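Structure first, commentary second.
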Amino acid sequence: MSFLGPAWLLLTLIAAPIILIWFLRQRREPRTVPTIFLWRRAMDEERVAPIIRRLTRSILLLLQLLALLLIVFAAAGAVLNLALSGKSRRVILLIDRSASMGTLEQGGATRLALARAKVRDLIGTLRGDDRAMLIVFDSSARILTGFTNDERRVLSLLDRIRPTDLPTALDEALAVAAAAAATQPPDGLELFLFSDGAFPPVADLPESLSQAGFHFVGVGKETENGALISLELDLGLDAPKRVYVQVANPGRRPQRRTLRMEKDGQVIDRRAAELSAGSTAGTAFDLEGLASGIYTVTLEPKDAYAADDQVTFMVADAPVHRVLVVTSKSRVLARLSDFHPTVEVYALAPEAVGSDAGRDVGGFELTIFDGVVPEGVAPGTGYLGPAAVYLNCAPPGEGISFGALLESPTLVDWDGAHPLNRSVSWSDVLVANASPIDAGREASVLLEATEGPLIVALPGTALRIVTGFSLEDSNFTLRLAFPIFFANIMERAFRGGATEGGFVPTGGLLVRRAPPGTSAARIVDPEGHRRDLALRPGRKVTFAETSRAGVYQLEFDGPAAVTAQVPVAFLSREESDIAPRPAIEISGRAKTSNPQAVRANLPLRNTLLYAALVVLMAEWLLWILRGRQRPLPKAGI
């Protein structure tokens, strides 16, 4: 046995006044006897050892002292050391907070709450020279505190842990734990994993953890669950027409569920789903004629794992995309609106383009410079988006140069795997005059002649295309390659920052293009937390902490306040299989769950307090019984 607070043992000194008070309260009862001859020996013995005889006669005093001792041991934090080693412990606590740990168990507590309770039991067994380290993990791992003996700090951080809507990556957590373990001596090092075990096998245990005591403490009993595992929008040229939803039953019993689609609290449609054990089923909802906005698909009735019972997505209006063509000669570029139903083309002469171009119409997403780039005009600044096409000219300051002018260059190759060349054939295109482009090794060559590249895509996140010939010096505009090539360019430029599929998956990067003139931006997550966002090149804002499913709201400050909603959805077949695992596999070996591992050192505080209460009750009952049995003194004759 050891004590977490040995200083409290000084309370045993209270026994001295208890014994003193006991002797002071002892009284002799007067009795009348005919002679004292027979009492002399007893009186002699009383004089020889009065203290010893009084102690042996007074069981009530012994019970009081025993109760005091039990209370003092409880206050001192008595711990029964069940472990064989008496060395100080270094304990690494790995706590799973992935999506499945949000499952509600019987009693209404989540699996994470049950895990936190077990961690508290373990922390209660640590002695004064022991140290604990707290790590939480889902798809990544995070250290909450290094090795410390500050029990209050560890418990405070423990209470703040909440489940996320992210998958599980135990190997990430073990890598972080291994880095911390490498700084500690192997003796006394222990690792406790608190999880439901719903993750794939881990191939290798890091070397620094191979000699540590490894304990898997499993939580959870619930196994039945229905889950939304997939949602896809049927994307048309202007707007989605249908949404396809897939639902799964990873449990062992058949289920009958209902899929409900609604918008703004109004039910639009319902679908019934019959699911046998371990099966999946799909259905579709028609979106034709429905207004844009945020839609929700819900699986009814809800079950113990609510995170996968609902998914939110957005149906957006067909956007209007604006293209600026800077040209003084080409008319065919003004007809680019014929290639896409949502494109508006504005053609301006170079001298008419200033730094505020696009202000009146809300900005341009794509700029095409035909042979010249006006001074002071740069894509990605003002009201111009970062995407640009440079026809027979180069972006200023990029170090791009053109070779000597060639007559009738021979086109020899093009990159058919590049997205911009999708379905494009350059075999029937003829060029009368062109200059090969020197754009460096990182540029992607889209079209090449014998003398060098004639069309290149510059590196970077923004779309930037440079050609070494003008449209007038080729038959390009008369060939099928022209509308397809520019349709590919516009599709790529217009999708910058868009939500693929109507939502962002949990853990995914949220990217949005800020409206022209935006001076500041912020985001509000589904739990109401507001954070400022930095404006990145190309007027984009990004947000990576999408660990919770729901609707995130973007707020943009500028000439006019603008808000935008972005749905974040949780869809994971693996996490939706919530059946807890009795064992996990690490390095090819099974680690069986051992919930009793948290009690290697058994705290005795509550046990001692209960025992003290029992002793005091026994002393009180004995005192009452002795008072009743004591005979009344008789008067002498």
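The values are calculated or read from the model by the stated rules, or taken from the named source; none is laboratory data. Bear in mind that the values here come from a model prediction, so they are computed numbers and not experimental data. Backbone-built Cβ (ideal geometry, glycine too); neighbour counts: all protein chains shown.
Remarks
- Members of the range 203-213 that are surrounded by fewer than 18 Cβ atoms within 10 Å (Cβ to Cβ) and touching a residue at least 40 places away in the same chain (Cβ under 8 Å): 203, 204
- Within the option set 521, 561, 544, being closer than 17 Å to residue 165 by Cβ and among the aliphatic types (A, V, I, L, M) holds for one residue only, 544.
- With respect to the stated conditions, residue 165 is part of a loop (DSSP other than H, G, I, E, B) and crowded, with 17+ Cβ neighbours inside 10 Å.
- Taken as a whole, the range 225-238 holds no residue that is charged (D, E, K, R), farther than 30 Å from residue 293 by Cα and surrounded by fewer than 21 Cβ atoms within 10 Å (Cβ to Cβ).
- Scoring residue 454 on the criteria (1) under 20 Å from residue 423 (Cα atoms); (2) of a type outside the set (Asp, Glu); (3) within 46 Å of the chain's Cα centre (by Cα) leaves a single failure, condition (3).
- Verdict on residue 409 being crowded, with 18+ Cβ neighbours inside 10 Å and part of a loop (DSSP other than H, G, I, E, B): yes
- Cβ separations smaller than 7 Å between residues 6+ apart or across chains give the following pairs from the range 175-194 residues that are free of Cβ contacts under 8 Å to residues at least 60 places away in the same chain to residues that are among the β-branched types (Val, Ile, Thr) and surrounded by fewer than 19 Cβ atoms within 10 Å (Cβ to Cβ): 176/143.
- Test: residue in the range 528-545 that is over 28 Å from residue 368 (Cα atoms), modelled with pLDDT of 90 or more, within 27 Å of the chain's Cα centre (by Cα) and surrounded by 19 or more Cβ atoms within 10 Å (Cβ to Cβ): yes
- Flag for residue 226 being out of contact with any Pro (no Cβ under 8 Å at 6 or more places or on another chain) and in contact (Cβ under 8 Å) with a residue 60 or more places away in the chain: yes
- Of all residues in the range 426-472, those being in contact (Cβ under 8 Å) with a residue 60 or more places away in the chain and acidic (Asp, Glu) number 1.
- With respect to (1) touching an Asp or Glu at 6+ places or on another chain (Cβ under 7 Å); (2) in the same structural domain as residue 192 (by TED's automatic domain parsing); (3) crowded, with 19+ Cβ neighbours inside 10 Å, the lone exception for residue 548 is condition (2).
- Failed item in (1) at pLDDT 90 or above; (2) crowded, with 21+ Cβ neighbours inside 10 Å; (3) of a type in the set (A, V, I, L, M); (4) under 28 Å from residue 507 (Cβ atoms), with residue 198 passing the rest: (1)
- Residue within the range 208-216 that is of a type in the set (S, T, N, Q) and part of a loop (DSSP other than H, G, I, E, B) present: yes
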